[in-house]
Each structure stands twice: as C-alpha cells, then as structure tokens.
Amino acid sequence: MVPLIQSLVKKHLERLAAEDVNLDDFAPKVIEKAKALQERFSPFITINEKLASENMPRHVMKLPFSVKDNICTRGIRTTAGSKILEPYVPPFDATCIHQIKNAGGFVVGKTMMDEFGFGTFATNCAYGAPKNPIDPTRVCGGSSGGAACVAAAAEFPHIAIAQSTGGSITAPAAFTGTVGITPTYGRVSRWGLIDYANSMDRIGAIGKCVYDAALGLSIISGYDPMDSTSLNAPKTDYTALLGSEIKHLRVGVPVEYFGADVDESIKRNALDMIKGLESFGVTWEEVSLPSTKYAISAYYLIAMSEASTNLAKFCGLRYGMEGPLDGNYEQYFAQLRGKYFGEEAKRRIILGTYARMSGYRDAYYLKALKVRAKIIGEFRKAFGRVGVIATPSMPIIAPRFDEVKKLTPVENYAMDRMTVPSNLAGLPTISVPSGTSSGMPTGIQFIGNYEQEGTLVAVAGACEQV
Amino acid sequence: MAGVMIGIEVHCQLNTESKLFCSNSNDMRNKKPNESVCPICLGYPGSKPVINKHAIELGMRIGLALDCKIADSMFFSRKTYFYPDMSKSYQITQYEVPLATEGYLTVGDTKIRIRRVHIEEDPAKLMHVGGDITNAEYVLIDYNRSGVALAEIVTEPDFTTPKQVHQFLDNLLSILEHLGVYDSSKEATLRCDANISLDGGERVEVKNITGFENVEKALNFEIIRQNGMKRMEVKVERETRHFDSDSNTTKSLRKKEYEEDYGYIFDPDLPVIKISKEWVSSIKKNMPELPDQRVKRFVKQYALDEYTASVLIYADKNLADFYEECCRNYNKPQTVANWMMNYLLKSLNWRSERIKNSKVRVGTFVELLTLIENGTITERYAKELIKEYVDTGISPKELMKKSSSGKIDLDAVVKKVLEENKKAVDEYRSGKQEALKFLLGRVLVATNKQADPKLINEALLKQLGASIAQ
Ligand SMILES: [Zn+2]
C-alpha cells in the first residue's frame, strides 16, 4: 500500500540518514521560513531566533519542532498565552523538551494558544490569533491553534508539540486538516507543562500526516519520575504500527455524537470514512454513551476548579509581570491580576472558585467528579465490545473570526462536546481529516481504550488511504 | 477554672532528608535565606510535586505512638489562600481523610483525645520588618522553609487549664524526639495554634505561637481577657488572634466574617497512595522505644527513682541518650544521674542550651566524674568547674591545669605560706597542733578556698616533715 500523503518528516529523516542535509544552514533556514509563516498566519508567540546566530551547535539540530507556549523551554520565553507571564523565561526544560533535544530535535518557536488553554478557537490569546492557512478569515481552532497552523502551513519538515485539556489537539487538527494525537493520560510527562487542569492535561503531537504525529508521540512519551501521574509503560515506536493489520477491528459509533447538533456534512464525512474502512476488514456497530450530555458541565466544573487553584500562583512575585509596590499584599496582587489576566481567565477563576467554595462544593465540584466516574464507566463498558470509538472531531467546520466573536460563553463551551468526554476519561484519541465541507477540512476522531495509541495510529493510517 | 475548653494544633517539622515534594534539603543549619530552594518549592509554573514517602512513614509513627487509627489510603488536597508565605497560593495538605485519626495521649490523669494527624507542606518563613504581623512596614520571605514536611497534630478541646497544655506539649515533644520524627538540633521547629472558649462561648483561635511557655502565657492571657469581657457583659466573638511575645498579650487578626473559605479540591498532581496493612505493621515493628517505656526501663536498669528517670527522659531526649552513654562509660548510674540533674542541667539551662547543641561531651563529662571519684578534685571544686566546662567544653583536666587551685600549684602555695609564716611553723614544730590548723587556713585562703583541705593537709605535713629533716 502506498500512502496518499508523503511525509516531509520521513523524507527528511531519510536524507539525514544519507547525510544529504547541510546542517550548517538547516536550522537558520527553518527559522527564516518560520518568520515567513509568522508574516502570513501569525502562529508563533516567540520564534527561537537565537538558533540563527553564529555560535549555536548546529550539528545536533536535525529535526524542527514547534512547541505550544505552555510548555517550559529553558532560555526561551514561555508565556502560556498570557500577559501575566510576558517576561517569563523558564530556568528548566519540560521533560518532553529534553526528549526532543535527545532525539536531535530543536525548537523553532513557541506557538500561539488561548491564554492558559482557555478556549476552543485560539482567539483568547494575549498576543494575537493564528489564521487558518486554508482560509485566513477563519480560526485555526484551539487551544493549540498555533501548533496546528504551523503543522498545516509549514513547507519544511516539522512536528508540532501540542497539548489538550478538553480537546485542544483534536479541535485545531480538525479545523486545519492536520492529524492530532492525544495520548493516554500520563503517557507523556507533564513536568514542565504550565497547568490548566492537571487531572486532564495531556501533551501530544500534531503533524501534516499520521506518520509525523506518531513520530512526535514516540519521541515525547515515556515514564518520568518527575510527574507523579506518569504512566509506567515502556516507550513505543508508534510509526512502526503504521500499516499494521486492522482486519478484525470493531469500530463503535456512538449515537450521542451524531445528533442534530452536528453539521450534516461532517457526520456524512465521518460515516463515509467508517464505511471506507470496511475495505480493510473493519466492522462497525452502534454503541451508546448515555452520560455524554453531562460531560460539558462536568468538564467545565472540574477544569475551572483546578484552573482557579493553578492560576492562584500568578501574583507578581518571583516571576512574570510585576507591578508598582503600592498598598498591601492583597491590593498589590489584586491590581496586578486584574491588569494582566484576560477576560476568559478571569471568568474561569471566578467560576472555578465558586464551584469549590464550601456550600457549593458538594453540588458542583464533587458532583462533577461523580459524573466523570460515570462517563469513564460507560467508556469501559463500550470498550468491552469495540476496539475503537469513532466520532466527528468537531460539530462544525472552522468558523470565521467574526462568527466566533458572536458566540456566548455557553455556546462557546458547547463546541467541545465531541472532545470533552474522552478528555474527562483520559483516553487516547487521534483526529484525522475525513474530507471537506464548504472548502474547509472536516475531521474524524477515534477514541481508543487506555494505552491503545498503537491501534489509533493503525486505523488513522488506514484513513489516509481511504 | 470551670468551663474552660482548650484544643490545640501542633505543627511539627519532620526529620526527613529532603522536603515533602522536592529534593531540597530540610536541614536549616547554616543556610542563607532562599538557598535551599528549587522550582517545585518556589511554585514555578510547570513544576510538579513528587511525594517523599519517608514523610508518610514518619507521620504513621506519630499516629501509632498516639494510638490512632491509620487510614488505608492517603491523598492530598489543595487549600487555596492568598498569602505571601505560600509560593503556589495553595498549600498541599490533607483535608477529607487524614493519615491518622482517633488517638489519645494521657497527661497526668487526663486523657487528651487526638482528633487527627495529617501531613502537609510548610509555608515559607516571613520576616516582618519594622513591626509585627499587624503593622510591619514590609515583609521579607525566606523560601528555605517552603515545602518542608510537616505533621499537623490536632487534639479535641479536652484541656481545661493552660498548664495542662504545657505538660501535654512537653510529653508530645519527647515522644516526637524518641520517634526520631523531630530533631530540634537541625533547627526544626514545633509551632502551636490554640483555640479556647469559656463557658460554651465563641471559640477564639490564637495562631502561630512558638515556645511552650508562650502557649501557656497566651492561654492565660485569653482566660483573663475573656473573663474580663464577660464581667463587662461584652460578647466574646469568634476570631483569630496573634500572640505578641514582647507584651505577652494577644492581638486580633481577623473576625469570623473574614474567615477564609479555602475551596479545597483534590490535588490532581498527586495520585492516591495505598497504605497496606503490611506497610503499617512494618512501621509498627520498627517503632523506636517510647518515653513511657524508657522511664520504666531506666527505673529497672539503672535503679533510678521514677521522678529522676522522667526528668531525664521528658526534659530532652538527647539528655536521656547522653545519660545512657555516660553509664556505658562510667558504671555508677546514680552518680551520673545526680551530677546531671543537680549541676549539668542547671548550667545548660542557665545558658538556655540543649545538650545536643552544647559543648558537653560524654568523654569529658565522665572524666570529670572520675576526677571526683579519685579525689583529684573536691566536689566543691567540681561544682565550680562544671560551669566553666559547660561554657567552654574544655576537658576538666585541662581546666585544672589552667586553674590556680590545681594540684600542681598546691605545693608551691604551701611552700610560700610556710615561708611567710615562720612563727607558726616554729610553733608547730614545738608541738602546737593548732598551728597546723592555722597554716591550713592560710593555704585555703591563698587558693581562694578552691583546694581540698585533705590535700592541703597532706602537702603541709610533707613539707613540714621535709623542713624538719633539714
Ligand atoms: Zn525545592
């Protein structure tokens, strides 16, 4: 079988193996190309221009990576999309950055994201919004919008390191026609990831094709004692699973994900793709995940509760923005946080604090945890019958910037309904292009059982050949 | 004092190598401010806590020593509050299910119930410059303490007098030291919050009192203050107060309506830790000897009375260790106890020093006792010498050499006295025994009454005999 999509990364690795790449000017040239991308679509918050300088050790810089800006990079500014961290240069690398460097990778730049990951469209960023390379009047999706933008538009070999809490890899991958892989919770170390909601935060990868995303995940996964929630599982080369047999795979199609609230063409593309997989010997059946309708509420209550504690540390001491030392401590941090947090961050701090206050904690935070347990139970039951579950990646195609502006917060949150349940459960997912609608890409999302990223890679690889 | 109800919370810095969630050292000796810190205890974005299992084991020891039930799993919560001592603006602590519950400790005849023992991280240390917590000009922060492992021990409100609280704390301290969970010589601290109510009135909490004397003082002040309010028919309000050790009074920090809501959530960075029966029983098996058991053993092994044994053991665990080490090197337990209780302790207390941080060593102390036993020095001289010994740590033999009343100098003093008192010498030689007494008195005066009369007598007779022979 010949894949329809040629991987620039794979070709580059072959050239590297044949010593056919001039490493003396490879990295600086990539930086120049990144700058050109920035001109057109503004996917970066920071471009790692130091790489273009004379005295960097270029022979170790073989494969370009872009890194979402909530992942700490030693010596490279890391803002998490927030004004409050504008001057912050971390003193340490995230574990996944270590792994990238050890694998011969280098950081091209830090990509645009919604502030602390708070958004579905990558429009809640203090530093601008990335434009969709397919139609620049449209958003890239979020919160890993910059990551997907670079993955879609780069004309150089590149892997985007992205991160998801409630769907922040799947959404931008679907909107930009790229492949986004979100691994099992704990598969990739969170050490060095600036927290949004720690019980759901996952680092993953976005690439132009399944190979690129799978290679990215292979590089950054692995057990890490610095993250207490890290999964103690051996490292796997997921690219080796591309093209492996999926003959007896049963795909579950959950009715709750194919309702009237999803664009007709997106549903049709997904179902066509599932039928297309029949030629690989795959069968499918309907499954039911009845608690799906509570997932959005549960997700936002838990995510905001956790986020409101995570954001408490940003108070103008030790790092980040500082303010004039006026008044007492409370006055100081209140004015500083008021000035430098964006609107959505403030909204989530207030809602999250409310949900965990005594008197409301039982009704909101603790109840949401119960719903979460129920959703996990339903997934487990479904995986007793099927190998993977297939859903549309997003209920809509990438909206225009002006359309996003009109959404109320509740309408906005509801956009995450395809992605939130698997994020609550910590299940691995992959989003691959399923076709187009009105000239824009649509995506299909496969949800796998715990630690079954290999199956996801195999089935997504098959989709590329349908 | 009818109607007084007091409960306390004790925060004990645990004797672990490293902090609760990072690898920075816990040992605060000779540390510059903000030297023992890392991204985790400074709360840097992207850092994550990793539990120090040893702290859990030390917490289990405390629970077991206080007859508590140990939970079958443990997890941590985030207690959110904005205060500059908390690097993440939340404290990682235990909320719903503490490590240990429902224990007790007996003080005198009273059983004080222990509500809970849990593990949490210590906040940073604040230095209030130009005032106290209520009126400082500004505040300096030392994050060395940030993230140090703490055990919080909470009692039920079972105390009826401040004195009882003081006794409880003395007993608890000795238990913690015997368990090896607390080591004051590493500058670890024990801090206490106390809550007190009178006649079923509102509860007043006095926070962060350092020193057991101060706990008693703060509570005594509160009883007087609250009784005074009652006499003037002013309602006691529920509030948090701060103890000012300069004035021995308490000051209001905040009223009840300002009490914070900590908005506890489960800490999602730290997974649940199973506490198996096997784990608990292995801790139980390796429990060190507790103070009560040790008192009994001292009575039996060293034939001490219970009072003496209790003082040695409850005053300071290291004192009891020192005692036993001395007994191994000098087989007269009664003499050792006597000299420790009556003289060594006094000198240490006078310097407000604990034995472990003092210059006193087993070898030199035993040397002193041996000098007394040999009659090389008098008891009276030894009592003088011990002060200098505790001050300087110089061995008693060395001190004697330096001293004018040492044995080596005695012959010279006697010689001089005999030369200066020719008349008395002649009288002695003519058979007047009183003359010898007179000469002895002169020598004693010349040595500032430091020399042993017996030794002077010997020296006198020797030199007088020698002069006869001339
Ligand atoms: Zn540290």
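The values are calculated or read from the model by the stated rules, or taken from the named source; none is laboratory data. Nothing here was measured: the structure is a model prediction, and the numbers come from that model. Positions of Cβ are generated from backbone atoms using ideal geometry, with glycine treated the same way; all protein chains shown enter the neighbour counts.
Quick notes on this one:
- Set side by side, the residues A:438, A:434 differ, and just one is buried (at least 23 other Cβ atoms within 10 Å of the Cβ) and within 22 Å of residue A:260 (Cα to Cα), which is A:434.
- Residues in the range A:85-95 that are under 13 Å from residue A:194 (Cα atoms) and within 11 Å of chain B (Cβ to nearest Cβ): A:85, A:88, A:90, A:92, A:93, A:94, A:95.
- The set of residues from the range A:291-348 being acidic (Asp, Glu) and either assigned to a helix (DSSP H, G or I) or surrounded by 21 or more Cβ atoms within 10 Å (Cβ to Cβ) (or both) comprises A:306, A:330, A:343, A:344.
- Scanning the range A:171-192 for residues that are of a type in the set (Val, Ile, Thr) and within 15 Å of residue A:435 (Cα to Cα) returns A:176, A:178, A:179.
- Note on the range B:176-196: among residues that are β-branched (Val, Ile, Thr) and crowded, with 21+ Cβ neighbours inside 10 Å, the one that is nearest to residue B:218 (Cα to Cα) is B:196.
- Test: residue in the range A:367-382 that is more than 26 Å from residue A:143 (Cβ to Cβ), buried (at least 18 other Cβ atoms within 10 Å of the Cβ) and within 12 Å of chain B (Cβ to nearest Cβ): no
- Residues located in the range B:258-310, provided they are closer than 21 Å to residue B:89 by Cα and part of a helix (DSSP H, G or I): B:258
- Listed by first and then second residue, the pairs linking a residue in the range B:17-43 that is closer than 22 Å to residue A:192 by Cα to a residue that is more than 8 Å from the ligand (Cβ to nearest atom) and basic (Lys, Arg), with Cβ atoms under 7 Å apart and 6 or more places separating them unless they lie on different chains, are B:42/A:318; B:43/A:313; B:43/B:88.
- Spans of strands (runs of 3 or more DSSP E) in the range B:20-114 with at least 1 residues within 16 Å of the ligand (Cβ to nearest atom), of a type in the set (S, T, N, Q) and within 14 Å of another protein chain (Cβ to nearest Cβ): B:90-93
- Test: residue in the range A:418-425 that is modelled with pLDDT of 95 or more, over 20 Å from the mean Cα position of the chain (by Cα) and under 20 Å from residue A:181 (Cβ atoms): no
- Condition check for residue B:133: within 14 Å of chain A (Cβ to nearest Cβ) and within 16 Å of the ligand (Cβ to nearest atom): no
- Of the residues making up the range B:12-19, at least one is within 16 Å of the ligand (Cβ to nearest atom), among the basic types (Lys, Arg) and either in a loop (DSSP other than H, G, I, E, B) or crowded, with 24+ Cβ neighbours inside 10 Å (or both).
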